[in-house]
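The values are calculated or read from the model by the stated rules, or taken from the named source; none is laboratory data. Since the structure is predicted, the reported quantities are computational estimates derived from the model, not experimental observations. Cβ sites come from the backbone with ideal geometry, for glycine too, and all protein chains shown count toward neighbours. These area figures cover heavy atoms from the full protein model, side chains too; ligands, DNA and RNA do not enter into them. Shrake-Rupley method; radii C 1.70, N 1.55, O 1.52, S 1.80 Å.
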Amino acid sequence: MDQIMKQARLMKAALDEGELALINAQALRPLTAEEVFCFRLAACNNRVDRDIERFTEATLEGFASLFVGRPVLLDHKWSADSQTARVYAASVEPMPGVEDGEQLVLRCYMPRLQGNGDTIAAIEAGLLRECSVGVLTERAICSICGADRRTTWCEHVKGAEYDGKLCYIELDGAEDAYEVSLLPVPAQPAAGVVKRYGGPDGPDSDPAGKEPGADMAWQDEALLELEKMRF
(Lines give C-alpha, C1' and ligand atoms only; values in the text may rest on other atoms or scores of the structure.)
Protein backbone atom coordinates (compact mmCIF):
# COMPACT_ATOMS: atom_id res chain seq x y z
CA MET A 1 0.00 0.00 0.00
CA ASP A 2 1.38 3.40 -0.95
CA GLN A 3 1.67 5.59 2.10
CA ILE A 4 0.33 9.10 1.67
CA MET A 5 2.69 11.71 3.05
CA LYS A 6 1.04 14.54 4.97
CA GLN A 7 2.84 17.19 2.97
CA ALA A 8 0.46 20.08 3.45
CA ARG A 9 0.47 22.85 0.87
CA LEU A 10 -0.19 26.55 0.87
CA MET A 11 -2.88 27.74 -1.49
CA LYS A 12 -4.02 31.10 -2.71
CA ALA A 13 -6.92 32.72 -0.88
CA ALA A 14 -9.40 35.30 -2.10
CA LEU A 15 -10.34 38.06 0.33
CA ASP A 16 -13.88 39.41 0.36
CA GLU A 17 -15.91 41.28 3.00
CA GLY A 18 -16.94 38.06 4.72
CA GLU A 19 -13.36 36.85 4.99
CA LEU A 20 -12.21 40.25 6.23
CA ALA A 21 -14.86 40.18 8.93
CA LEU A 22 -13.52 36.82 10.16
CA ILE A 23 -10.00 38.24 10.22
CA ASN A 24 -11.11 41.29 12.18
CA ALA A 25 -12.70 39.01 14.76
CA GLN A 26 -9.11 38.06 15.64
CA ALA A 27 -7.64 41.58 15.50
CA LEU A 28 -7.78 44.32 18.13
CA ARG A 29 -8.52 46.97 15.52
CA PRO A 30 -10.25 46.79 12.14
CA LEU A 31 -7.85 45.80 9.37
CA THR A 32 -8.30 46.64 5.71
CA ALA A 33 -7.77 44.26 2.82
CA GLU A 34 -4.61 46.15 1.88
CA GLU A 35 -3.09 45.51 5.31
CA VAL A 36 -3.25 41.72 5.28
CA PHE A 37 -1.82 38.82 3.29
CA CYS A 38 -3.99 35.68 3.25
CA PHE A 39 -3.31 32.07 2.37
CA ARG A 40 -4.86 28.63 2.89
CA LEU A 41 -3.20 25.54 4.32
CA ALA A 42 -4.27 22.00 3.48
CA ALA A 43 -3.20 20.98 6.95
CA CYS A 44 -4.06 17.28 7.35
CA ASN A 45 -6.41 14.65 5.97
CA ASN A 46 -8.13 11.31 6.57
CA ARG A 47 -5.72 9.10 4.60
CA VAL A 48 -3.33 6.57 6.10
CA ASP A 49 0.00 8.40 6.16
CA ARG A 50 3.69 7.47 6.28
CA ASP A 51 3.44 7.01 10.06
CA ILE A 52 0.75 4.38 9.38
CA GLU A 53 -1.83 6.56 11.10
CA ARG A 54 -4.92 8.43 9.98
CA PHE A 55 -7.26 11.05 11.38
CA THR A 56 -10.92 10.08 11.43
CA GLU A 57 -13.39 12.33 9.65
CA ALA A 58 -14.95 13.33 12.98
CA THR A 59 -11.51 14.33 14.27
CA LEU A 60 -10.93 16.62 11.30
CA GLU A 61 -14.29 18.29 11.97
CA GLY A 62 -13.31 18.78 15.60
CA PHE A 63 -10.00 20.37 14.64
CA ALA A 64 -11.82 22.78 12.32
CA SER A 65 -13.26 24.59 15.33
CA LEU A 66 -10.20 24.20 17.58
CA PHE A 67 -7.78 25.72 15.08
CA VAL A 68 -9.58 29.06 14.75
CA GLY A 69 -7.40 31.66 16.49
CA ARG A 70 -4.34 29.40 16.71
CA PRO A 71 -0.93 30.80 15.65
CA VAL A 72 1.06 30.01 12.52
CA LEU A 73 4.69 29.51 13.50
CA LEU A 74 7.98 28.76 11.79
CA ASP A 75 9.57 25.34 12.33
CA HIS A 76 7.44 24.43 15.39
CA LYS A 77 9.37 26.95 17.48
CA TRP A 78 7.10 27.84 20.36
CA SER A 79 8.20 31.45 20.79
CA ALA A 80 6.78 34.89 20.09
CA ASP A 81 9.55 35.55 17.54
CA SER A 82 8.42 32.54 15.52
CA GLN A 83 4.78 33.63 15.32
CA THR A 84 4.13 34.61 11.71
CA ALA A 85 0.39 34.48 11.06
CA ARG A 86 -2.91 33.39 12.60
CA VAL A 87 -5.72 31.02 11.63
CA TYR A 88 -8.97 32.94 11.23
CA ALA A 89 -11.21 30.19 9.81
CA ALA A 90 -11.10 26.45 9.12
CA SER A 91 -13.22 23.85 7.35
CA VAL A 92 -13.15 20.26 6.15
CA GLU A 93 -13.15 20.00 2.36
CA PRO A 94 -12.88 17.19 -0.21
CA MET A 95 -9.40 16.28 -1.38
CA PRO A 96 -9.22 16.93 -5.12
CA GLY A 97 -8.92 13.70 -7.09
CA VAL A 98 -9.02 11.43 -4.01
CA GLU A 99 -12.10 9.25 -3.55
CA ASP A 100 -13.55 9.68 -0.05
CA GLY A 101 -10.61 11.94 0.77
CA GLU A 102 -11.23 14.79 3.19
CA GLN A 103 -8.78 17.44 4.33
CA LEU A 104 -8.68 20.14 6.97
CA VAL A 105 -8.13 23.51 5.31
CA LEU A 106 -6.95 26.40 7.48
CA ARG A 107 -7.45 29.99 6.32
CA CYS A 108 -4.67 32.21 7.65
CA TYR A 109 -3.66 35.85 7.60
CA MET A 110 -0.61 37.91 8.43
CA PRO A 111 -0.22 41.68 8.51
CA ARG A 112 1.80 43.26 5.74
CA LEU A 113 4.50 44.56 8.06
CA GLN A 114 8.02 45.43 7.02
CA GLY A 115 9.33 42.49 9.01
CA ASN A 116 7.02 40.04 7.19
CA GLY A 117 8.09 41.03 3.71
CA ASP A 118 10.60 38.22 3.26
CA THR A 119 8.15 35.58 4.52
CA ILE A 120 5.39 36.78 2.21
CA ALA A 121 7.82 36.82 -0.72
CA ALA A 122 8.94 33.26 0.10
CA ILE A 123 5.32 32.08 0.18
CA GLU A 124 4.45 33.81 -3.08
CA ALA A 125 7.57 32.38 -4.75
CA GLY A 126 6.73 28.84 -3.67
CA LEU A 127 9.70 28.45 -1.32
CA LEU A 128 7.58 28.18 1.82
CA ARG A 129 4.76 25.86 0.88
CA GLU A 130 4.80 22.90 3.31
CA CYS A 131 3.44 22.87 6.84
CA SER A 132 2.69 20.56 9.72
CA VAL A 133 0.35 20.81 12.68
CA GLY A 134 0.79 20.21 16.39
CA VAL A 135 -2.34 18.56 17.79
CA LEU A 136 -3.63 16.25 20.52
CA THR A 137 -6.22 13.51 20.04
CA GLU A 138 -8.31 11.74 22.64
CA ARG A 139 -7.86 8.21 21.33
CA ALA A 140 -5.43 6.22 19.19
CA ILE A 141 -7.34 3.17 18.00
CA CYS A 142 -5.70 0.02 16.61
CA SER A 143 -7.42 -0.85 13.32
CA ILE A 144 -7.07 -4.58 14.03
CA CYS A 145 -8.37 -5.05 17.57
CA GLY A 146 -9.86 -1.66 18.46
CA ALA A 147 -7.61 -1.11 21.48
CA ASP A 148 -6.98 2.48 22.48
CA ARG A 149 -3.21 2.74 22.38
CA ARG A 150 -3.27 5.75 24.72
CA THR A 151 -4.39 3.52 27.59
CA THR A 152 -4.04 -0.11 26.47
CA TRP A 153 -1.19 -2.23 25.15
CA CYS A 154 -1.89 -4.47 22.16
CA GLU A 155 0.33 -6.87 20.25
CA HIS A 156 -0.32 -5.47 16.78
CA VAL A 157 2.42 -3.61 14.94
CA LYS A 158 1.76 -0.62 12.73
CA GLY A 159 2.45 -1.40 9.08
CA ALA A 160 2.09 -5.17 9.49
CA GLU A 161 -0.75 -7.12 7.89
CA TYR A 162 -3.02 -9.48 9.79
CA ASP A 163 -5.15 -11.78 7.63
CA GLY A 164 -4.60 -9.38 4.76
CA LYS A 165 -5.64 -6.29 6.75
CA LEU A 166 -3.17 -3.47 7.32
CA CYS A 167 -2.60 -2.44 10.92
CA TYR A 168 -2.74 1.32 11.35
CA ILE A 169 -3.74 3.75 14.08
CA GLU A 170 -6.93 5.78 13.88
CA LEU A 171 -6.45 9.11 15.64
CA ASP A 172 -9.91 9.87 16.96
CA GLY A 173 -11.35 12.70 19.01
CA ALA A 174 -9.98 16.22 18.58
CA GLU A 175 -8.78 17.19 22.05
CA ASP A 176 -6.56 20.19 21.34
CA ALA A 177 -4.85 22.07 18.54
CA TYR A 178 -1.66 23.91 19.43
CA GLU A 179 -0.29 25.46 16.25
CA VAL A 180 0.49 25.02 12.59
CA SER A 181 4.02 25.64 11.35
CA LEU A 182 5.50 26.68 8.04
CA LEU A 183 8.55 24.62 7.16
CA PRO A 184 11.41 25.47 4.80
CA VAL A 185 12.02 23.16 1.86
CA PRO A 186 14.01 20.95 1.87
CA ALA A 187 15.46 21.75 5.31
CA GLN A 188 12.91 19.47 6.98
CA PRO A 189 11.94 16.83 4.41
CA ALA A 190 10.19 14.77 7.09
CA ALA A 191 7.57 17.45 7.69
CA GLY A 192 4.22 15.99 8.63
CA VAL A 193 1.61 16.06 11.32
CA VAL A 194 2.98 16.19 14.84
CA LYS A 195 0.62 13.92 16.77
CA ARG A 196 0.87 13.77 20.54
CA TYR A 197 -1.26 11.01 21.99
CA GLY A 198 1.17 9.09 24.20
CA GLY A 199 0.99 5.36 24.62
CA PRO A 200 3.15 2.43 23.58
CA ASP A 201 3.87 1.69 19.93
CA GLY A 202 3.97 -2.08 20.27
CA PRO A 203 5.38 -5.04 22.21
CA ASP A 204 8.93 -3.65 22.30
CA SER A 205 7.76 -0.54 24.11
CA ASP A 206 6.57 -2.34 27.23
CA PRO A 207 9.02 -2.56 30.15
CA ALA A 208 10.84 -5.88 30.13
CA GLY A 209 9.58 -8.43 32.60
CA LYS A 210 6.26 -6.66 33.26
CA GLU A 211 2.76 -7.45 32.19
CA PRO A 212 1.36 -5.25 29.39
CA GLY A 213 -0.08 -2.12 30.94
CA ALA A 214 1.47 -2.76 34.35
CA ASP A 215 3.73 0.26 34.14
CA MET A 216 1.80 3.37 33.12
CA ALA A 217 4.74 5.77 33.58
CA TRP A 218 4.71 6.53 29.86
CA GLN A 219 1.33 8.24 30.32
CA ASP A 220 2.66 10.50 33.07
CA GLU A 221 5.73 11.37 30.99
CA ALA A 222 3.63 12.18 27.93
CA LEU A 223 1.25 14.37 29.91
CA LEU A 224 4.18 16.15 31.58
CA GLU A 225 5.75 16.85 28.18
CA LEU A 226 2.47 18.28 26.88
CA GLU A 227 2.06 20.53 29.89
CA LYS A 228 5.60 21.84 29.49
CA MET A 229 4.95 22.65 25.85
CA ARG A 230 1.56 24.19 26.57
CA PHE A 231 2.95 26.96 28.83
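See the values below:
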quantity	calculated
For Ala43, residues with placed amide H under 5 Å, excluding near neighbours	Leu104, Val105, Leu106
Residue order for Val68, Val92 - accessible surface, 1.4 angstrom probe, largest first	Val68, Val92
Segment 40-139 - charge dipole about Cα centre, Lys and Arg +1 at Cβ, Asp and Glu -1, debye rounded to 20	380
Segment Asp75-Thr151, extension gain: residue separation times 0.36 nm, minus the distance between their alpha carbons	24.4 nm
Inter-label distance for Arg50 and Glu124, nm, one decimal - labels placed 7 Å from Cα along Cα-to-Cβ	3.1
Distance between modelled label sites at Glu138 and Ala25, nm, 7 Å Cα→Cβ extension	2.3
